[in-house]
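Structure first, commentary second.
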Amino acid sequence: MYTDILIESQTHDEWLQYSNSLWDGRRIDVVKKIINLFTDPEEIVLDPFMGTGYTLVAANTLDRMAIGFEINKKYITTADERLKIYKDSYQIIKDSCININKYLYEESVDLCVTSPPCWNILSHRHIAYKKHKETSSVQRNIGNTNSYSLYLNNLTRAFSGVYEVLKANKMCIVIASDRRKRNRFYPLHIDLTNIMTDIGFTLEDLIIWDRRKEHSILKAVDNSCIYKSNIVHEYICIFRKITKESRIL
Ligand SMILES: C[S@@+](CC[C@H](N)C(=O)[O-])C[C@H]1O[C@@H](n2cnc3c(N)ncnc32)[C@H](O)[C@@H]1O
């Protein structure tokens, strides 16, 4: 899609066309676009919540090195299967990303792109998570808590580790969706921004990823007459690592 155009031809008109703040398309194309925008070939891309490996596939397709952390054995197997053609240019670490510093050197990563697990994941009607209910993975799944504040604490731990391994001034892109639960609205992209700022990142940009095509069947959000939207978009939050020294200035 648009990713190759960005690299190969950068006329003013094309740049304008692809630099708008509303994106659509498949996850793999969105992730490719991000990787193209923020890295050069052979640089290292990290996904601390790898899932089935879209980020690693996108990175390898674009000749970047890729590292993913994942705790769900089923997803690891799927990712491995997808990635095996790329041989030595990726690494899957089968452990919680909370332990990131055990595996990666400080300031060794050029870009982080990820979608963190949803909060309260076991209460979702999301089939995949219910089916693969392995006790150990469930316990370490940072989305597996009823408490939203505990979930935010878990995200803080995970992204503090990412901060350490990311090179100075490099980007951490977090794709996240707000949530509504029992009539309460949880603006994750705002809470995430506060967390990331406290860790030492700065919010550089916010893109809306329009996912209407995947949510074509809309339903009334509840029975009240008060307007509530169906959430059919995600936020692509673009953070930059600011060094401790430059934060003091
Ligand atoms: C939203 S999904 C990621 C989707 C992924 N970007 C993809 O392309 O498939 C979040 C993933 O984080 C994983 N996860 C949850 N807690 C984790 C942890 N502590 N360390 C590593 N991965 C974790 C879950 O198993 C899940 O696969």
Just order 106-114, 35-43 by mean Cβ neighbour count inside 10 Å, highest at the front, would you?
106-114, 35-43
Once both labels are modelled 7 Å past Cα along the beta-carbon direction, what's the K84-R182 spacing in nm?
4.6
For A66, other-chain or 5+-apart residues with amide H closer than 5 Å (H placed, Pro excluded) are V45, Y90, Q91
With label points set 7 Å from each Cα along the Cα-to-Cβ direction at I190 and A168, the distance between them in nm comes to 3.4
I want the local charge near D205. Using Cβ-Cβ distances under 14 Å, sum +1 for each Lys or Arg and -1 for each Asp or Glu among the other residues.
+1
Please report how far the C-alpha centroid of the range 171-216 lies from that of the range 40-88, rounded to the nearest whole angstrom.
23
Given K32/K84; K170/K213; K102/K167; K33/K228; K84/K213; K32/K87, the pairs whose alpha carbons are separated by over 21 Å
K170/K213; K33/K228; K84/K213
Here the range 47-116 gives, from Cα atoms, an Rg and Dmax in Å of 11.1, 30
How large are Rg and Dmax for the range 13-248 when calculated on the C-alpha trace, in angstrom?
17.7, 56
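No lab work stands behind these numbers, since they all come straight from the coordinates. Treat the numbers as computed from the prediction; the structure is a model and nothing was measured. Glycine also receives a Cβ, built like all others from the backbone with ideal geometry; neighbour counts cover every protein chain displayed.
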